[in-house]
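Engineer: Once you've had a glance at the structure underneath, I'll fire off some questions.
The values are calculated or read from the model by the stated rules, or taken from the named source; none is laboratory data. Bear in mind the structure is a predicted one, so any value in this text is a computation, not a measurement. Neighbour counts run over all protein chains shown; Cβ positions are idealised from the backbone, glycine included.
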Amino acid sequence: MAIRFVTGNEGKVREARDYFDGIETVERIEYDYTEVQSDSLEDIATHGARETFAALESDDPVIVDDTGLFVEALGGFPGPYSAYVEDTVGVERLWRLASEEENRRARFETVLVYADADGTEAFEGSVAGTLVAPRGEGGFGYDPIFEYNGRTLAEMSTEEKNAISHRGRALAAFAEWYGDRDV
Ligand code: ITT
């Protein structure tokens, strides 16, 4: 059975496909679920997964990924509003804002929520790094300004990013649970 990843973001699907390469197939589903107003990535993803699973009227499970970039010196901004801030302010200007701060530490957090007829399960992953002037052609979103161990996430291959990233860690927690569950 394919894993149905509900997202409008092709970059997330590319990473999940790379992670599950040869183990599971990942099918992308576009469904415009309601993004509830919440400070919690888990709340947002849980509502989205539950709503989509019900709306699709199929027994096949779905997963939803909600991710945020939390900049320490900006009180965790943009956090759960990261998609909105990327669309409005943009990555380059967020970097300029952060560059005025001495503390450039930031972290990515992902909550991946699985939903089936039995309910939902949430899996988390995070990575701590430093914001830098944009570098690299790979990845997507805020990857060019997020440096981990001397390289930005946009300077890594998908496999390298998955090995250390918020999403890679959430996918690993999910994969372990998914592989172990009784079906
Ligand atoms: P869906 O909700 O349809 O899955 P989205 O891109 O809106 O797609 P999020 O709300 O989870 O998803 O994304 C929050 C923002 O963070 C958005 O601007 C993404 O481009 C960005 N983002 C998510 N994961 C990222 C990653 O691994 N590296 C860099 N930026 C990322």
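Engineer: Out of all the residues in region 1-14, which are part of a helix (DSSP H, G or I) and either more than 7 Å from the ligand (Cβ to nearest atom) or on the phi > 0 side of the Ramachandran plot (or both)?
Structural biologist: 10, 13, 14
Engineer: (1) of a type in the set (Val, Ile, Thr); (2) within 15 Å of the ligand (Cβ to nearest atom); (3) under 27 Å from residue 160 (Cα atoms); (4) more than 16 Å from the chain's Cα centre (by Cα): which one isn't true of residue 62, the others all being true?
Structural biologist: Of everything listed in (1) of a type in the set (Val, Ile, Thr); (2) within 15 Å of the ligand (Cβ to nearest atom); (3) under 27 Å from residue 160 (Cα atoms); (4) more than 16 Å from the chain's Cα centre (by Cα), residue 62 misses just condition (4).
Engineer: Looking at (1) within 15 Å of the chain's Cα centre (by Cα); (2) assigned to a loop (DSSP other than H, G, I, E, B); (3) without any contact (Cβ under 8 Å) to a residue 12 or more places away in the chain, find the lone condition where residue 84 falls short.
Structural biologist: It is condition (2) that residue 84 fails.
Engineer: Also: Going by what's in this entry, would residue 128 be described as surrounded by fewer than 23 Cβ atoms within 10 Å (Cβ to Cβ), more than 10 Å from the ligand (Cβ to nearest atom), within 29 Å of residue 61 (Cβ to Cβ) and of a type in the set (A, V, I, L, M)?
Structural biologist: The answer is no for residue 128.
Engineer: If you go through region 13-27 one residue at a time, do you hit one that is surrounded by fewer than 17 Cβ atoms within 10 Å (Cβ to Cβ) and under 16 Å from residue 115 (Cβ atoms)?
Structural biologist: Yes, region 13-27 contains a residue that is surrounded by fewer than 17 Cβ atoms within 10 Å (Cβ to Cβ) and under 16 Å from residue 115 (Cβ atoms).
Conditions (1) within 10 Å of the ligand (Cβ to nearest atom); (2) touching a helix residue (DSSP H, G or I) at 6+ places or on another chain (Cβ under 7 Å), marked per residue:
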| residue | (1), (2) |
| --- | --- |
| 143 | yes, yes |
| 146 | yes, yes |
| 151 | no, no |
| 155 | no, no |
| 159 | no, yes |
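Engineer: Pairs please, first residue from region 40-61 and of a type outside the set (Lys, Arg), second anywhere and part of a helix (DSSP H, G or I) and at pLDDT 95 or above, Cβ atoms under 8 Å, 6+ apart in sequence or on different chains.
Structural biologist: Listed by first residue and then by second, the contacts come to 61/53.
Engineer: In a strand (DSSP E or B) and farther than 17 Å from residue 44 by Cβ: is that true of residue 130 in this structure?
Structural biologist: Yes.
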